[in-house]
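The structure appears right after this line, and notes come after that.
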Amino acid sequence: MIRRFYYMLPPSFRLLVRRAVFLPVDLYNGISGKKENLVPPRGMIYTGSGDYVKTGNLFLKFFIEHCNLMPNHRVLDIGSGIGRIARPLTSYLLPDGSYEGFDLVDSGVSWCKKNISKQFPNFNFQKVNLYNDLYTSKGEKAEKFVFPYNDEEFDLVFLVSVFTHMLPDEVDNYMKEIHRVLKKGGKCLATFFVINDDSLSLSKGNKFRFDKCFGNYYLMDEKVQSANVAFKEDFIVDKLIADNSLSLNKIIYGYWASGNVSDKISFQDVVIIEK
Ligand SMILES: C[S@@+](CC[C@H](N)C(=O)[O-])C[C@H]1O[C@@H](n2cnc3c(N)ncnc32)[C@H](O)[C@@H]1O
């Protein structure tokens, strides 16, 4: 109910409502000196309700354990948000490693530039002008977007909770671009809501489930399509990954469908891809 009301608001207004709701907490934290280094005020964190620090740390663990991330690697964070995944990387990547991030939301990119790039000049953020009905009210089409990087620049490309807000043609184009910018042997970690027999039956009756099927993908809200998007597992593996000359390494299923919360796996399904 609250979620539906929230989605009825225009994107920039949603950010303002969030700032207003969390203003008392943010003021208290500011006055009492409870502010943590490299953690934005609560009202600015528009990128998900989970614990900002714990989520970032969990993904750093995935990068090291499943993607062989090394401190001198060059990484690309697509949909870098407000620095949730960049933050733990600042204490892992050495000065001869580097980070690039891009996103559509100005307030997130500006916060990251001011707070992260200032302290870590090997961390670079840029805003891109793209349309997404959850996050922006205008912009170019993501299905035609060419990433602003050279071929084979990156050891690791990651998208945390980004393909869960994009439609099939957009994801297909991003996979093509990921193939272009990844080094040979490089890895990509992307989170999805994976639809297979297990997730369909586990999520039946849950509040968080995908009822609206459009063939290879599912939506939760038809009015704000990018609010939550799920893809069939064989479509992810055969079309989005294999048809873009990439290969599946593994899928680490999350707990969105079962509802069995865990610190060791993420809410969304984690798909590890390689070139
Ligand atoms: C749920 S947030 C996750 C942000 C960040 N990855 C994290 O885990 O904190 C989704 C982000 O994806 C961005 N996004 C949506 N469509 C995008 C696109 N086509 N290209 C790049 N970023 C996009 C949004 O602006 C938003 O910041």
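Which is farthest toward the positive dipole end of segment 49-274 among Ser117, Phe231, Leu167, measuring Cα position about the Cα centre, with Cβ charges +1 (Lys, Arg) and -1 (Asp, Glu)?
The listed residue farthest towards the positive side: Ser117.
Nearest 5 is fine: what % of DSSP beta bridges in the chain come out antiparallel, could you say?
45 percent
So which trypsin sites (Lys or Arg not before Pro) in segment 85-171 pass both tests, a DSSP loop state and at most 16 other Cβ atoms within 10 Å of the Cβ?
In loop regions of segment 85-171 (DSSP not H, G, I, E or B), the sparsely surrounded trypsin sites (Lys or Arg not before Pro) are Lys118, Lys138, Lys141.
Just grab the label-to-label distance for Leu248 and Lys204, each label 7 Å out from Cα along the Cβ direction, in nm (one decimal).
With each label point 7 Å from Cα toward Cβ, the separation is 2.3 nm.
For segment 124-243, just say rounded, prolate or oblate: build the C-alpha gyration tensor, square-root its eigenvalues into a ≥ b ≥ c, call rounded for a/c under 1.5, and beyond that prolate if a/b exceeds b/c, oblate if not.
oblate
If you count, for each residue, the other Cβ atoms within 10 Å and average over each peptide, how do 76-89, 201-214 line up from highest to lowest?
76-89, 201-214
Would you mind calculating the relative contact order of the chain from Cα pairs under 8 angstrom and at least 6 residues apart, reporting the percent as a whole number?
It comes to 15 percent, rounded to a whole number.
Across the chain, where is the longest run that never hits GluC sites (Glu not before Pro) in a DSSP loop with at most 16 other C-beta atoms within 10 Å?
37-151
Do the alpha carbons of any pairs in Lys34/Lys118; Lys144/Lys239; Lys138/Lys187 sit beyond 24 Å of each other, and which pairs?
Where the Cα-Cα span goes over 24 Å, the pairs concerned are Lys138/Lys187.
Could you list, in their original order, any pairs among Lys54/Lys207; Lys183/Lys232; Lys61/Lys250; Lys204/Lys250; Lys54/Lys113 whose Cα atoms are separated by more than 18 Å?
In this structure, Lys54/Lys207; Lys183/Lys232; Lys204/Lys250; Lys54/Lys113 lie more than 18 Å apart at Cα.
In Å, what Rg and Dmax follow from the Cα atoms of the chain?
18.0, 54
Calculate the FRET efficiency for Asp234 and Lys141 from the Cβ-Cβ distance with a Förster distance of 25 Å, rounded to the nearest 0.05.
Plugging the Cβ-Cβ distance into 1/(1 + (r/R0)^6) gives 0.45.
Using DSSP to define loop residues, name the trypsin sites (Lys or Arg not before Pro) in segment 9-49 whose beta-carbon has at most 15 other beta-carbon atoms within 10 Å.
Lys34, Lys35
How big is the gap, in Å, between the Cα center of segment 163-218 and the Cα center of segment 53-122?
The distance from the Cα centre of segment 163-218 to that of segment 53-122 comes to 22 Å.
Most mobile of Val25, Val224, Val157 per a Gaussian network model of the chain (Cα springs, under 10 Å)?
Largest GNM mean-square fluctuation: Val25.
Using just the helices of the chain, give the 222 nm mean residue ellipticity in deg cm²/dmol: DSSP H runs with n ≥ 4 each add -39,500 (n - 2.57), and the total is spread over all residues, rounded to 500.
My calculation for the chain gives -8500 deg cm²/dmol from helical runs alone.
Just so you know, all these numbers are worked out from the coordinates, no wet-lab data involved. Just so it is clear, the model here is predicted, and its values are computed rather than measured. Here Cβ is always computed from backbone atoms with ideal geometry, including for glycine, and neighbour counts include all displayed protein chains.
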